[in-house]
1. Rg and Dmax in Å for region 681-797, alpha carbons only: what are they?
2. Helix 309-320 versus the longest principal axis of the chain: what is the Cα-based angle in degrees, 0 to 90, to the nearest 10?
3. Give the whole-number value, in cubic angstrom per residue, of the convex hull volume spanned by the C-alpha atoms of region 90-160.
4. For 633, 556, which order do you get if you count the other beta carbons within 10 Å of each Cβ and list the fewest first?
5. Return the ratio Rg/(2.2 N^0.38 Å) for region 1-108, where Rg is computed over Cα atoms only.
6. Tell me, what is a quarter of the convex hull surface for the C-alpha atoms of region 22-320, in nm² with one decimal?
7. What's the whole-number percent of alpha carbon pairs in region 287-352 lying beyond 15 angstrom?
8. Determine how many Å³ per residue the convex hull of the Cα atoms of region 616-670 encloses.
Ligand SMILES: [Zn+2]
């Protein structure tokens, strides 16, 4: 490069325009758009478009609402000529669209050009000739006089030929003339030529009769204010301004094509010629999409429909094979994306504030004005999603990460948890030295907090019941739904089954609420001693709220032994989501516990110690044995009943019972997996019929005390009450169900139902001496009804039932 570039390059010569008006003008309406993608743009392609590609492109331009389309330079090639004929003959051109064709000032070429559009409804004949001194003197060796004569002569030819064509084909014409290149032509001479052309045309009028003077900045050689001066000067001096459409044709050599078009519009331009996404010779023509969207974001209807911008991008790039850079205005892949933490934070806050502002505005009937930091346009208006809005690299902050989690998992993390998870993401991002995708972040979140299927931690909750301690009966679900956190002062009991490193453990604890009851159970059975430092929850604002609304809970746990110390303590966050708020809180606690025990520490193994000297706290361990050996998750009252059986047996044998001993004792006591025939009531078959509503009717063949098989039936509100009604036809007294519980065992095609029934039997009579008793029955079956029926029959066989006389 030169140290003194003035030795080589001349600055532009400013126009003396002391009273220029354009700097204080504002935009009020959209200019007329002319797309020259199929002509100026196409001429500049390495591989010009095929007829098919040009047709596809033409259709897209029509779809976007472009009303003037320069389709070809028909005299230059047979392909271009054929393309124009094809558009006309295949009726591709809507009635309100003007096609435009370019021709130089040469009679034979003009004839061919006008032939090409014969039969179309509307056509613009665009003629140009060289008016600038360089072209006059060097390229064509014409004087000013000769240049004028050339323009006048050929304008007259165009007038004559178009009039003939109108007579023959009723084609309506507009005449467009370009002094080439306007910006490098002496301003007064450009006006002189245009005046002469207007006079030669002789019929410039108003509306569709206007003549178009297109003023190209064929090569951009000066700043945009100079172009605006040139346009304003032209508009001031040309006569009969109202009969003229002043058209701008900026190129982008200095990177100011958009600015030239915009300032030129303020200076009086009525129309802009350009290309979608700025294709064209060298740096290209001005980009119509950017111009239109610039107007749109000023609140002015752009008269172009770009609401499916990605589709427009796809069609255009497929046709002209020119990529759109990632940072390109409006259309680039990264323009709706923020990487920087402060930007992400501002966008996230902006959306929150806007939502509130819009709610207020809606109530007051005010317009919902868009005002989001760093986003001049709502991507949704262009058919774009917010998906790519925030992307995370090592420069990003917690705001963006939280935003992504909210968008993708509907989780609104408490601030301290955001900080904790941010560190996790930073570590991954630093380690892998790359952008973190939404998937990376959500899976890091799931992995860290053992959240969702496939991300189980060492502990997982299988089932639980929360009950209040003053009542032995489990609380109805509706009531436990009301519970949240620990604000209730009623003592609660947690009874549940958790899987611990794959081994099921029945655990029990009590506390001021479900969470502290669970923590107590973990302390008692697994020596995990944690306390809650922070708890929060929210409902998930999903599109389908209401019935299926879910609760999200967040818990920060600290080690309970460190609770009293004031130094900085290690803490673990956890998250849980469930339709049931108590369950979501419990999941959150387990999620945090799973993080805490991720250090691989040993957890106390299940040790069975039931014997003569053992204490009754072994009930949960006995239940744990049954769930691990048989898969049966006994209801708590059943656990207590069986534990008594175990203790009695231990007392009889004055010895400790092994795991296998407990399992066998369970099988023997409850005839579980026992094929020996029943001595009292057995069933050969049954069938269940659905009556009206919830009414059922059960009938089957049964044998009572080894007698002949009989068919009995009964009706009730469900299969089990129907069964009891059927049994009551034979059995004296009353059988009733005090407790019922079921769950599934196994997975996939192996899945079975397990049913538990606590059956009460009452009978009065002389021979029976007010016999009353109860028994538990348990059974499994692939069919849930059958498993319930079998469980009832197992209980019946354990009772001293008597038959009716
Ligand atoms: Zn051009």
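Quick note: the coordinates plus some simple rules give every number you see, no bench work behind them. Keep in mind the model is a prediction, meaning the values are calculated, not measured. Positions of Cβ are backbone-derived with ideal geometry, glycine not excepted, and every protein chain shown enters the neighbour counts.
1. Cα-based Rg and Dmax for region 681-797 come out at 14.7, 53 Å.
2. On a 0 to 90 degree scale, this one is about 50.
3. Convex hull of Cα atoms, per residue: 101 Å³.
4. 556, 633
5. Numbers: Rg = 20.1 Å, N = 108, 2.2 N^0.38 = 13.0 Å.
Taking N as the residue count of region 1-108, the ratio is 1.54.
6. Values: hull surface 57.0 nm².
Result: a mean projected hull area of 14.2 nm².
7. Working: 1352 of 2145 pairs.
Percent of Cα pairs beyond 15 Å in region 287-352: 63.
8. 71
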